[in-house]
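The values are calculated or read from the model by the stated rules, or taken from the named source; none is laboratory data. Only a predicted model underlies this, so the values are computations on that prediction, with no experimental measurement involved. Every residue, glycine among them, receives a Cβ derived from its backbone with ideal geometry; neighbour counts consider all protein chains shown.
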């Protein structure tokens, strides 16, 4: 935990997941200002669009923040790599593709590289390629997901066992107990997405936040298995339409059309649940309020500390009883 905080120059071992085309300077800066690592997700945005967010984020905070490039999603990978170098972004996360060709270039400019992985094999390859930190994402996570469908609880300890670089846990984490659990599994910290949507600084539609706060434990669904594209979204009227369309049969082209960034923005930013979707991880069932990012992160650290101390005391008492 200490190593990853020193490596990324942050106070708390908590980073923001890339949010694609709904990324914004407000939330990114708020996470960094609160002691975590805010992240700008590039999605399919043009370099000019990403640059505007970078410049606004730099105006809002002097603390470290990251830029996430989804390699197989963005049509501007080369230009985005040049952009982060130009603006001296200290941390870059690479996902959805092979990071190996880009890590040496980023390292030449003193940029730390985080790589998203979903299996031991992926983790070992990323480490061999030079990744400084790994984010191991379980199937509980929101949005585009791994078709391997490994859960966070099983994935983290297996990856930690086979690599030496710090590993951050993602998927199903949104409170201090989740942070404590991740640390006990061997992770050095966590990455969060869904929980940060339901914060005061997040400039998303109130309908999105309201749906997260009101969600139960079974309120998310998977869409896209039939075409090999797994995405976890919140159950909404549009999500029901998507499920019916998939049941009737769909092509990969139709999947891409129905889950386009425009449809995502329509749901997340415009609050149109009839014609747009909203991503959500399974953690939604634990979201009960909309705090500031600072309140959320401080609460998580305090709760994790209390939980770890309580568990240590309980285990001590169990051992004492067993020895009698």
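Yes/no per residue for (1) at pLDDT 95 or above; (2) closer than 19 Å to residue 13 by Cβ; (3) touching a strand residue (DSSP E or B) at 6+ places or on another chain (Cβ under 8 Å); (4) part of a helix (DSSP H, G or I):
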| site | (1), (2), (3), (4) |
| --- | --- |
| 147 | no, no, yes, no |
| 169 | yes, yes, yes, no |
| 191 | yes, yes, yes, no |
| 216 | no, no, no, no |
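Scan the stretch 230-260 for residues that are surrounded by fewer than 17 Cβ atoms within 10 Å (Cβ to Cβ) and under 27 Å from residue 26 (Cα atoms) and jot them down.
Passing the criteria: only 260.
How do the pairs read when you match residues in the stretch 86-107 that are outside the structural domain of residue 56 (by TED's automatic domain parsing) with residues anywhere that are at pLDDT below 95 and surrounded by fewer than 14 Cβ atoms within 10 Å (Cβ to Cβ), using Cβ under 6 Å and keeping only pairs 6 or more apart or on different chains?
none
I'd like to know if the stretch 298-305 contains one or more residues that are touching a residue at least 60 places away in the same chain (Cβ under 8 Å), under 26 Å from residue 23 (Cα atoms), in contact with a strand residue (DSSP E or B) (Cβ under 6 Å, 6 or more places away or on another chain) and surrounded by 14 or more Cβ atoms within 10 Å (Cβ to Cβ).
Looking through the stretch 298-305, none of the residues is touching a residue at least 60 places away in the same chain (Cβ under 8 Å), under 26 Å from residue 23 (Cα atoms), in contact with a strand residue (DSSP E or B) (Cβ under 6 Å, 6 or more places away or on another chain) and surrounded by 14 or more Cβ atoms within 10 Å (Cβ to Cβ).
In the stretch 20-47, which residues are in a loop (DSSP other than H, G, I, E, B) and touching a helix residue (DSSP H, G or I) at 6+ places or on another chain (Cβ under 8 Å)?
Correct list: 23, 24, 34, 35, 36, 42, 43, 44, 45.
Only one of 118, 123, 131 is at pLDDT below 95 and closer than 29 Å to residue 279 by Cα; which?
Only one candidate qualifies: 118.
Pick from the stretch 107-122 the residues that are in a helix (DSSP H, G or I) and over 21 Å from the mean Cα position of the chain (by Cα): which of them is nearest to residue 149 (Cα to Cα)?
My answer is 107.
Could you tell me which of the residues 194, 220 is surrounded by 21 or more Cβ atoms within 10 Å (Cβ to Cβ), assigned by TED's automatic domain parsing to the domain that holds residue 117, within 19 Å of the chain's Cα centre (by Cα) and touching a residue at least 24 places away in the same chain (Cβ under 8 Å)?
194
Give the stretch 134-145 a look and list any residue that's touching a helix residue (DSSP H, G or I) at 6+ places or on another chain (Cβ under 9 Å), surrounded by fewer than 24 Cβ atoms within 10 Å (Cβ to Cβ) and assigned to a strand (DSSP E or B), or say none.
Hits for the stretch 134-145 are 143, 144.
Is it the case that some residue within the stretch 314-324 is in contact (Cβ under 8 Å) with a residue 24 or more places away in the chain, surrounded by fewer than 16 Cβ atoms within 10 Å (Cβ to Cβ) and not assigned by TED's automatic domain parsing to the domain that holds residue 232?
no
I'd like the full set of residues that are touching a strand residue (DSSP E or B) at 6+ places or on another chain (Cβ under 8 Å) and more than 20 Å from residue 264 (Cα to Cα), limited to the stretch 39-62.
54, 57, 61
Exactly one condition in (1) over 21 Å from the mean Cα position of the chain (by Cα); (2) assigned to a helix (DSSP H, G or I); (3) under 18 Å from residue 43 (Cβ atoms) is false for residue 264; which is it?
Of the numbered conditions (1) over 21 Å from the mean Cα position of the chain (by Cα); (2) assigned to a helix (DSSP H, G or I); (3) under 18 Å from residue 43 (Cβ atoms), the odd one out for residue 264 is (1).
Here are some residues: 200, 161. Which one is surrounded by fewer than 24 Cβ atoms within 10 Å (Cβ to Cβ), assigned to a loop (DSSP other than H, G, I, E, B) and out of contact with any helix residue (DSSP H, G or I) (no Cβ under 7 Å at 6 or more places or on another chain)?
Criteria check complete, one pass: 200.
Name every residue in the stretch 261-276 that is buried (at least 20 other Cβ atoms within 10 Å of the Cβ) and within 11 Å of residue 21 (Cα to Cα), in order of residue number.
Across the stretch 261-276, the qualifying residues are 264, 268.
Does residue 212 satisfy the condition of being assigned to a helix (DSSP H, G or I) and more than 22 Å from residue 172 (Cα to Cα)?
No.
For residue 181, are the conditions met, namely being in contact with a strand residue (DSSP E or B) (Cβ under 9 Å, 6 or more places away or on another chain), modelled with pLDDT of 95 or more and surrounded by fewer than 19 Cβ atoms within 10 Å (Cβ to Cβ)?
Against the criterion (in contact with a strand residue (DSSP E or B) (Cβ under 9 Å, 6 or more places away or on another chain), modelled with pLDDT of 95 or more and surrounded by fewer than 19 Cβ atoms within 10 Å (Cβ to Cβ)), residue 181 does not qualify.
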